[in-house]
Each structure stands twice: as structure tokens, then as C-alpha cells.
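Scroll down for the structure; my scribbles are underneath it.
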Amino acid sequence: MNTSASLSLPAAIRAPGRSLAAWWQATPLTLVFVLFFLIPLGLILMVSFWDFNEYELLPDFTFKHYLAIFEGCSNTDEMCVTFKTYLSTFKFSFLVWLITLVIGFTVSYFLAFYVRSSGMQTLLFVLCTIPFWTSNVIRMISWVPLLGRNGLVNQSLIGAGLIDTPIEWLLFSDFSVVLAFVHLYTMFMIVPIFNSMMRIDRSLIEAANDSGASAWQTLWNVIMPLSRTGIIIGSIFVITIVMGDFVTIGVMGGQQIASVGKIIQVQTSYLQFPLAAANAVILLSIVLMIIWALTRLVDIRKEL
């Protein structure tokens, strides 16, 4: 009687020490999360409601910074600066996401299904990571002597007789910004997609082939759905990084292209911390909504 009753008890009741040990194991990560994520976010939110002058921050509770951000946006004749800036940021995020997704999926597909040797897979994967062995700034600056007016690309095209005058839009333009972003962040798309593809049961692909499915049908109906988790994780990485980036846009855009991250950086440099904090809160809210929408497409915790 007592034996059967004890077997029916939940594990947490029969072994309270295990539950306590689990809480202790989670404590360090919880402290890191609170100290380096929740508290800084709370401080940014608090400062966004403060006032300021030329010399100091003034603790207060005012919405005027949020109203200043959207000042003039009620005018239907012309798009306000804030909407133009967010539209530019969304444009870069979408273009970079699309290009990195195509490149990342293609590279991952080749490594996972066309390279049979695990040693060769590792070697090629390490080769993909070589650009990450150097600083982001160095990788950005390396494009300047290639794409500049007197750079290698223009000089080669002129020397080949393909153009008469240098191409101006290769550098300090939307093109150079997108190119630098793709160069910097494609690896963030390759890694999760490759990891998802390596977990696909190869017998499913063989079954699709035995059923008469073409290569495109197998790719669309088998491989892509099973790689969905990696695609979503890579998309979250790329979109969130690009949305808040200001260094790449500043360097490759020649300080001429606006983005939300660049505006926050400029406001911070002019010591307009409450206004920058308000912009940061709005940007964070939009990014969190994008992440929430992406995570609705797949249960990442279940799939990983």
C-alpha cells in the first residue's frame, strides 16, 4: 500500500532536492539576464521619460520626447522624417535578409547534401568562418579601395573599356551598405540553417525520391519545411542586427544615409539621452514585435 502510493507521487515531491538543484543551476543565468538585460532596459525606459537641458538630465515624467519623434507625422502631404528613417531601416533589413537567406540556404544545402565527407564539410565550414577572424570595421574598410571612384573595380572596368567614367554609386550608397551588411552577417544565416539541415533524416529524402518527387519538389516539400527552424533563427539574428546597426551605415553610407540606429547614435553624441532613449524604446518595441511574429511561425523551443 505504502509502496504503490510512493510510486504515484510526483518526482518533485519524492525528490525535493532535485527541484532545488535545478533552481540553483538556473540562478547564474537568471542573474546575468536580470543584470545585463532587464535592468539596462528598465533604465532606458525610465530615462526616456526624463527631461534634459544643455548641461544635465532632469528626472521627470514627460511624453514630449515621444511626441517630438513623431512631430509632423500627422501631415498627409509629405512623409515625416521619422517614417522616412524607419522606411529606410526596413528597406535595408529586408534586402539584407533576403540576400543572406538565399546565400545562406544555398551554401548550407551544398554543405549538407552535396559534400559527403564529414571532414570536408568541416573544412569548408571553417573556410566560411574565416572572415569572422578579423574585425567588422576592417572588413568594412576593405571595400573602400575596391569600390571607390579610383578603386580597383572602377579602374579595371575603365581599363577593359567597359565604361568611360567611374561608377559613382559603388561606394557611399545604398548598394555599398547592403553589400557590407551581406558580407558581415551572412554567416549568421548559414550556421542555423546548416545545423537544421544536418539534423534532417536522410531516409525522408530517399523516400521522396522513391515516390517520384523531383529535386525541386523534394527541396520545397521536404528540405525547406524541415529547415524552417534554422531559417527563423537566422532571420532573427540578421534582422535584429541590421535594425540597430549604425556603424556600417555610417562608414559605407558616407554619413549620408539615415537609419534609426544612426539617429540614436547622433542623439547620444549630442548628449540628448532622453530623446535617444525614447527612440531606442520605439525601435526595441518594433524589433520585439518582429521577433514575436517570426517565432509564431515555428515553436523554436520544441524544434531545437
query = Can you find a residue in the range 108-115 that is in a helix (DSSP H, G or I), out of contact with any Cys (no Cβ under 9 Å at 6 or more places or on another chain), modelled with pLDDT under 90 and of a type outside the set (A, V, I, L, M)?
reply = yes
remark   = For the range 206-242 the number of residues that are surrounded by 14 or more Cβ atoms within 10 Å (Cβ to Cβ) and either aromatic (F, W, Y) or within 30 Å of T85 (Cβ to Cβ) (or both) is 12
inquiry  = Could you tell me how many of the residues in the range 24-59 are part of a helix (DSSP H, G or I) and of a type outside the set (G, A, S)?
reply    = 22
Of the criteria (1) closer than 30 Å to Q265 by Cα; (2) among the aromatic types (F, W, Y); (3) touching a residue at least 60 places away in the same chain (Cβ under 8 Å), which one F194 fails = (1)
note = Expected output for the range 30-53 (first residue closer than 24 Å to K64 by Cα, partner among the β-branched types (V, I, T) and assigned to a helix (DSSP H, G or I), Cβ below 7 Å, 6+ apart or cross-chain) is I44/V281; L45/V281; S48/V281
message = For the range 60-83, check the following and say yes or no: at least one residue is at pLDDT 90 or above, in a loop (DSSP other than H, G, I, E, B) and among the small types (G, A, S).
response = no
query = So which residues in the range 66-107 are surrounded by 17 or more Cβ atoms within 10 Å (Cβ to Cβ) and in contact with a Cys (Cβ under 8 Å, 6 or more places away or on another chain)?
reply = T82, V107
request  = Starting from the range 205-230, keep only residues that are in contact (Cβ under 8 Å) with a residue 12 or more places away in the chain, then list their pairs with residues that are among the acidic types (D, E) whose Cβ atoms are within a distance under 7 Å, requiring at least 6 positions of separation or different chains.
outcome  = T229/E303
note = Within the range 43-65, residues being surrounded by 10 or more Cβ atoms within 10 Å (Cβ to Cβ) and among the polar types (S, T, N, Q) number 2
ask   = Applying the selection to the range 39-79, what residues are touching a helix residue (DSSP H, G or I) at 6+ places or on another chain (Cβ under 8 Å) and of a type in the set (S, T, N, Q)?
value = S48
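The values are calculated or read from the model by the stated rules, or taken from the named source; none is laboratory data. Since we're looking at a predicted model, the values are computed, not measured. As a convention, Cβ positions derive from the backbone with ideal geometry for all residues, glycine included, and neighbour counts pool all protein chains shown.
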